[in-house]
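Everything on this sheet refers to the single structure shown next.
The values are calculated or read from the model by the stated rules, or taken from the named source; none is laboratory data. Model, not experiment: these values are computed from the prediction. Neighbour counts run over all protein chains shown; Cβ positions are idealised from the backbone, glycine included. Note: areas computed on protein heavy atoms with side chains; ligands, DNA, RNA excluded. Shrake-Rupley method; radii C 1.70, N 1.55, O 1.52, S 1.80 Å.
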Amino acid sequence: MNTPVLTIQERQNIEAGPWFSKLSVALRHAILARSAVRRLADGAPLATRGAAAMEWCGVASGAVRVSSVSLAGKQVTLTYVEPGTWFGDIALFDGLPRTHDASAHGPTTLLAVRKPDFQALLGEHVELYDALLRLNCRRLRLMFDQLEDLNTRPLRSRLARQLLLLAKSYGVGEGEQVVRIGLALAQEDLAQLLGASRQRVNQELKALEREGLLDVEPTRLVILARDKLMAIVQM
């Protein structure tokens, strides 16, 4: 299979991913050789809860919105998968259906590895088992961190932390303190990420804006004082 054709920036996003970049050169090349490039329009469905898992994916550009449906029938955003991140391996391992819905958030480019190719990679590269184990241990740690934040931190602190995380993943620097978050994000989506109501999140955003820490645009946020947000997180 031919190596997939990505733009220079997309290839850099994959190569610089914190997990992928630590693999051996041989394994990185093997994964790329068994990957197909998929370019998705905004909102294009990628996976459906309850469906069989058919592929393992890495995000080369854009974002993947992972969501679930509440008891009231409302679609709830759980997280966004950022460039350089691989996902979908758990359902391929345990053979159970997908647990959540996934769709493109904005124009998105993926590297997709079909289930037979994923299994072949595991058979040919023992290193991949250890690498995926480490990846899932990291996911578990992050999940417990999020649960701890939800139960111990006030909303202001959680919001500041989430803004800094979004800036790290999607930020475009305009100076040492100023970072524009490139991910289009409605306040309702931000509220869902924080486990709070849109009204409360809106109040906190306005407070940060009044204090000169943030510029709130219709679908974009601009951090104006990164160090002050970090101080709020550490309070």
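The set of residues in region 202-230 being part of a helix (DSSP H, G or I) and out of contact with any helix residue (DSSP H, G or I) (no Cβ under 8 Å at 6 or more places or on another chain) consists of Q203, K206, E209, R210, D227, K228.
Residues of region 162-181 being in a strand (DSSP E or B), open to solvent by less than 40 Å² (accessible area, probe 1.4 Å) and either among the aliphatic types (A, V, I, L, M) or closer than 17 Å to Q75 by Cβ (or both), which ones?
V179, I181
Close contacts from region 108-129, counting a first residue that is aliphatic (A, V, I, L, M) and a second that is open to solvent by less than 30 Å² (accessible area, probe 1.4 Å) and at pLDDT below 95, with Cβ to Cβ under 7 Å and a gap of 6+ residues or different chains, come to L111/P4.
Residue pairs whose Cβ atoms lie under 9 Å apart, separated by 6 or more positions or on different chains, with the first residue in region 57-81 and at positive phi and the second assigned to a loop (DSSP other than H, G, I, E, B), are G62/D42; G62/P83; G62/H105; G62/G106; G62/P107. Being open to solvent by less than 30 Å² (accessible area, probe 1.4 Å) and farther than 20 Å from V66 by Cβ: is that true of A131 here? Criteria met by A131. Tell me, please, whether a residue that is crowded, with 17+ Cβ neighbours inside 10 Å, in a helix (DSSP H, G or I) and either without any contact (Cβ under 8 Å) to a residue 24 or more places away in the chain or polar (S, T, N, Q) (or both) can be found in region 182-201. Yes, some residue in region 182-201 is crowded, with 17+ Cβ neighbours inside 10 Å, in a helix (DSSP H, G or I) and either without any contact (Cβ under 8 Å) to a residue 24 or more places away in the chain or polar (S, T, N, Q) (or both). Contact map, region 21-37: residues that are in contact (Cβ under 8 Å) with a residue 60 or more places away in the chain and within 17 Å of A60 (Cα to Cα) paired with residues that are among the β-branched types (V, I, T) and open to solvent by 50 Å² or more (accessible area, probe 1.4 Å), Cβ distance under 8 Å, separation 6+ or inter-chain. Pairs shown: L32/T3; V37/V5. Would you check which residues across region 74-127 are among the polar types (S, T, N, Q), touching a Ser or Thr at 6+ places or on another chain (Cβ under 6 Å) and at pLDDT below 95 and list them? The answer is Q75, T77.
Could you tell me whether any residue of region 195-206 is more than 22 Å from the chain's Cα centre (by Cα) and at pLDDT below 90? No, because not a single residue in region 195-206 is more than 22 Å from the chain's Cα centre (by Cα) and at pLDDT below 90. Number of residues in region 151-161 that are open to solvent by 40 Å² or more (accessible area, probe 1.4 Å) and part of a helix (DSSP H, G or I) equals 4. With the requirement that a residue be surrounded by fewer than 18 Cβ atoms within 10 Å (Cβ to Cβ), among the β-branched types (V, I, T) and closer than 30 Å to Q162 by Cβ, what does region 80-128 give you? If the condition is that a residue be surrounded by fewer than 18 Cβ atoms within 10 Å (Cβ to Cβ), among the β-branched types (V, I, T) and closer than 30 Å to Q162 by Cβ, then I90, T99 are the ones that fit.
Taken over region 207-217, the criterion of being more than 15 Å from L185 (Cβ to Cβ) and either open to solvent by 50 Å² or more (accessible area, probe 1.4 Å) or under 23 Å from the mean Cα position of the chain (by Cα) (or both) is satisfied by E209, R210, E211.
Testing A53 on (1) open to solvent by 30 Å² or more (accessible area, probe 1.4 Å); (2) within 18 Å of D117 (Cα to Cα); (3) touching a residue at least 60 places away in the same chain (Cβ under 8 Å); (4) aliphatic (A, V, I, L, M), one condition comes back false. Which one is that? Of the numbered conditions (1) open to solvent by 30 Å² or more (accessible area, probe 1.4 Å); (2) within 18 Å of D117 (Cα to Cα); (3) touching a residue at least 60 places away in the same chain (Cβ under 8 Å); (4) aliphatic (A, V, I, L, M), the odd one out for A53 is (1). Quick check on region 218-228. Is at least one of its residues free of Cβ contacts under 8 Å to residues at least 40 places away in the same chain and either surrounded by 15 or more Cβ atoms within 10 Å (Cβ to Cβ) or touching a Phe, Trp or Tyr at 6+ places or on another chain (Cβ under 6 Å) (or both)? Yes: one or more hits.
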